[in-house]
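Nothing in this text is a laboratory measurement; each read-out follows from the coordinates by a stated rule. Worth saying up front: this structure is predicted, and the values here are computed from it rather than measured. Positions of Cβ are generated from backbone atoms using ideal geometry, with glycine treated the same way; all protein chains shown enter the neighbour counts.
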Amino acid sequence: GAGVSQSPSNKVTEKGKDVELRCDPISGHTALYWYRQSLGQGLEFLIYFQGNSAPDKSGLPSDRFSAERTGGSVSTLTIQRTQQEDSAVYLCASSLAMGQGVNGYTFGSGTRLTVV
Amino acid sequence: SQKIEQNSEALNIQEGKTATLTCNYTNYSPAYLQWYRQDPGRGPVFLLLIRENEKEKRKERLKVTFDTTLKQSLFHITASQPADSATYLCAVRPGYSSASKIIFGSGTRLSIRP
């Protein structure tokens, strides 16, 4: 697509439920990143994909968080047994290749997750 | 510990003046540093990149400087306009070869008043 698309744009869920957040990167971008942004805070790195593999999962906060990418394109971030501290905006970005941030990352508009 | 620090207080500037935003980093040796703009409800948008061996980079009304001795980057907007009001984020690409991601500061909110 022309840009990075994320869905849903907003998600309200009850504590303890599982949620899935979707990211559709720019066509041809092999690198895909998930970040989390809490209110008034910077972006917190979660996980990075090169193709379908995730060489860097170092930012995932707990084992309740997982992500996958299929076909080198769409990625899904899953949060199991959501907690109130999971409330944040989840941002996805893509770039042409690993480390190729020289042209910057292209971000989606994010999914605002609210756990009640 | 590794940190990227930006002014947490909002910066209020009169239209037409030059806005200067600061990004300081500790315990990084960046391969490059990037600046992004973020509007409310939107993802960050890439503006400029400056490499470790560059002192200054310009793009239209934007200018970025990079001082690896001071471990600081300055971001300037000349002839500022109300449409420049946004949050500006700096981001560091660590210099170690295995680095696969960029690390963001928390941003500075800029407000340009008419």
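Remark: relative contact order (the stretch A:1-102) = 35 percent; criterion is Cα-Cα distance under 8 angstrom and separation of 6 or more residues.
Across peptide A:38-44, the mean count of Cβ atoms from other chains lying within 10 Å of each residue's own Cβ comes to 5. Only Lys, Arg, Asp and Glu carry charge here, each on its Cβ (+1 for the first two, -1 for the last two); on that basis chain A has a dipole of about 120 debye about its Cα centre. Packing here is the average count of other Cβ atoms within 10 Å per residue, and on that basis the peptides A:84-93, A:53-62, highest first, run A:84-93, A:53-62. As a calculated quantity, the FRET efficiency between B:E60 and A:T78 at R0 = 30 Å, using C-beta atoms, amounts to about 0.15. Taken one residue at a time, the phi angles of the stretch A:16-31 give Karplus couplings (6.51, -1.76, 1.60, θ = phi - 60°) of x, 7, 9, 10, 10, 10, 10, 9, 10, x, 5, 4, x, 7, 8, 9 Hz. Gly and Pro are set to x. When its C-alpha radius of gyration is set against 2.2 N^0.38 Å (N residues), the stretch A:1-70 gives a value of 1.17. With all pairs of different C-alpha atoms in the average, the Kirkwood value for the hydrodynamic radius of the stretch B:35-99 is 13.1 Å. For chain B, the spread of Cα positions along the three principal axes, ordered from largest to smallest, is 45, 29, 21 Å. Between A:S38 and A:E20, the distance separating the two model label sites (each 7 Å from Cα on the Cα→Cβ line) works out to 2.8 nm. Sequence-ordered 3J(HN,Hα) estimates for the stretch B:9-22 from the Karplus curve with 6.51, -1.76 and 1.60 and θ = phi - 60° stand at 7, 5, 10, 10, 10, 6, 3, x, 7, 8, 9, 10, 10, 10 Hz, glycine and proline given as x.
Remark: the stretch A:55-60, residue by residue, has Karplus-estimated 3J(HN,Hα) of x, 9, 10, 4, x, 5 Hz, where x stands for each Gly or Pro and the curve is 6.51 cos²θ - 1.76 cosθ + 1.60 at θ = phi - 60°. What separates the Cα centres of the stretch A:10-53 and the stretch B:34-105 is a distance of 22 Å.
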